[in-house]
């Protein structure tokens with residue numbers, strides 16, 4: 001953990017007794033009340049707290065839903081409807097869980113793009129970033145497994161199509177598919193396996209999130225300037241400053257969350273999934289949930305089945321290597337005028353891939369998917385390494401205080417090389 005003096009003072013005799021034997025209150029106070037936070041954080045930094053909150057909502061509602069859900073091919077679909085109609089407040093719990101999955105991914109995408117824009121993956125935060133990528137992978141696995149549980153048409157055929165892609169893996173592909181299916185086709189056995197894994201993985205997520213927060217409190221938070229705090233004036237205590245900012249961000253987020261829960265709970269789903277699964281009737285157009293669409297477009301853009309699978313997983317795994325692919329000495333894109341254009345082109349490519357993933361894999365949709373897939377990988381493998389070398393960044397402020405208060409905060413602009421050297425010394 002970052003070293004700083006905690007102001008925790010036990011008040012009651014019990015608190016003093018516990019503090020001498022198990023100083024957990026002192027630890028929590030030091031890391032979540034006194035913890036030094038850069039004074040220039042904007043509201044994009046509130047999405048870390050929002051994600052923690054949504055994870056808690058998903059686990060609580062998921063445990064309640066599991067009490068009433070029946071993982072059977074003949075009863076799963078009806079049990080979901082019974083939860084909504086017959087269980088006290090079942091409609092609310094089910095809506096919170098279903099909409100919460102979409103809200104979870106919306107928040108994590110904002111969190112990822114913020115990290116990419118402000119260079120939150122650079123030293124000394126490489127491990128923090130890699131743990132975040134692992135969390136994202138586990139999230140995707142959990143969401144996919146959960147999407148199969150209602151056992152509607154899209155659940156069944158989505159599970160069939162996506163799991164069947166593993167068969168493209170040489171030597172072990174068929175064995176992996178049979179293990180996932182529990183046989184030679186998607187059946188009730190598959191559903192039971194997916195339910196077990198879907199219940200387990202959120203608790204794995206809790207452990208990973210705990211590691212993520214631990215790593216964050218070791219290296220400290222990044223900030224919009226990308227400059228490490230140098231003096232006490234560069235930081236403020238987490239409480240009340242950052243805590244109240246997180247509370248405001250969460251309140252705004254909850255308004256959007258509540259709007260979907262109470263007024264449009266089914267808007268983000270697919271109409272075919274409200275028909276019970278039928279192995280004899282194939283939907284005209286099989287699509288996953290919206291948060292998988294960019295990767296689904298990448299999968300279908302590659303003519304080879306194996307190549308598509310490798311590209312789909314590679315599109316996620318490449319994020320773990322970003323700390324070494326970016327050669328720039330400056331963290332924040334705010335001070336990188338040339339790279340900024342490529343960054344927004346990357347954001348546009350991701351949005352375009354999401355749109356193309358929702359369209360049939362034919363004609364111009366496939367052509368454009370290949371164009372944007374190329375740029376997706378080129379951004380990491382070509383743009384980041386080259387632009388970081390040839391670009392001339394803008395001068396950085398000498399301190400966070402100067403970035404907030406102007407030159408009255410002390411000092412003048414500092415070169416990127418000086419800022420990089422100061423970060424290495426830290």
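The values are calculated or read from the model by the stated rules, or taken from the named source; none is laboratory data. Source: prediction; values computed, not measured. When we count neighbours, we look across all protein chains shown, and the Cβ atoms used for this are built from the backbone with ideal geometry, even at glycine.
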### Query
Of the residues that sit in segment 265-279 and are closer than 15 Å to residue 94 by Cβ and either in contact with a strand residue (DSSP E or B) (Cβ under 8 Å, 6 or more places away or on another chain) or modelled with pLDDT of 95 or more (or both), which one is surrounded by the most Cβ atoms within 10 Å (Cβ to Cβ)?
273
### Condition broken by residue 226, with the remaining ones in (1) part of a helix (DSSP H, G or I); (2) in contact with a helix residue (DSSP H, G or I) (Cβ under 7 Å, 6 or more places away or on another chain); (3) touching a residue at least 60 places away in the same chain (Cβ under 8 Å) satisfied
(1)
### segment 1-31: number of residues that are in contact (Cβ under 8 Å) with a residue 12 or more places away in the chain, surrounded by 15 or more Cβ atoms within 10 Å (Cβ to Cβ) and part of a helix (DSSP H, G or I)
4
### Message
For the structure I just gave you, tell me whether residue 242 is out of contact with any helix residue (DSSP H, G or I) (no Cβ under 7 Å at 6 or more places or on another chain), buried (at least 20 other Cβ atoms within 10 Å of the Cβ) and more than 30 Å from residue 277 (Cβ to Cβ).
### Response
yes
### Qualifying residues in segment 325-350 (those that are without any contact (Cβ under 8 Å) to a residue 12 or more places away in the chain and in contact with a helix residue (DSSP H, G or I) (Cβ under 9 Å, 6 or more places away or on another chain)) - the one nearest to residue 136 (Cα to Cα)
348
### Summary
Being at pLDDT 95 or above, part of a helix (DSSP H, G or I) and over 20 Å from the mean Cα position of the chain (by Cα) narrows 315, 352, 345, 320 down to just 345
#### Entry: helices (runs of 4 or more DSSP H) wholly inside segment 79-175 that include at least 2 residues being modelled with pLDDT of 95 or more, under 15 Å from the mean Cα position of the chain (by Cα) and buried (at least 17 other Cβ atoms within 10 Å of the Cβ)
90-118, 126-148
### Query
If you go through segment 356-370 one residue at a time, do you hit one that is within 24 Å of residue 134 (Cβ to Cβ) and either under 20 Å from the mean Cα position of the chain (by Cα) or surrounded by fewer than 16 Cβ atoms within 10 Å (Cβ to Cβ) (or both)?
yes
#### Entry: Condition met for residue 424 (under 30 Å from residue 234 (Cβ atoms), touching a helix residue (DSSP H, G or I) at 6+ places or on another chain (Cβ under 7 Å), assigned to a helix (DSSP H, G or I) and at pLDDT below 95)
no
### Unmet requirement for residue 287, which otherwise passes all of (1) closer than 20 Å to residue 135 by Cα; (2) part of a loop (DSSP other than H, G, I, E, B)
(1)
### Task
Restrict the check to segment 231-243 and report whether at least one residue is within 26 Å of residue 137 (Cα to Cα) and either in a loop (DSSP other than H, G, I, E, B) or touching a residue at least 60 places away in the same chain (Cβ under 8 Å) (or both).
no
### Query
Name the pairs whose Cβ atoms lie under 6 Å apart, with the first residue in segment 106-134 and over 14 Å from residue 334 (Cβ atoms), the second modelled with pLDDT under 95, and 6 or more positions between them or separate chains?
124/219; 125/219; 128/219
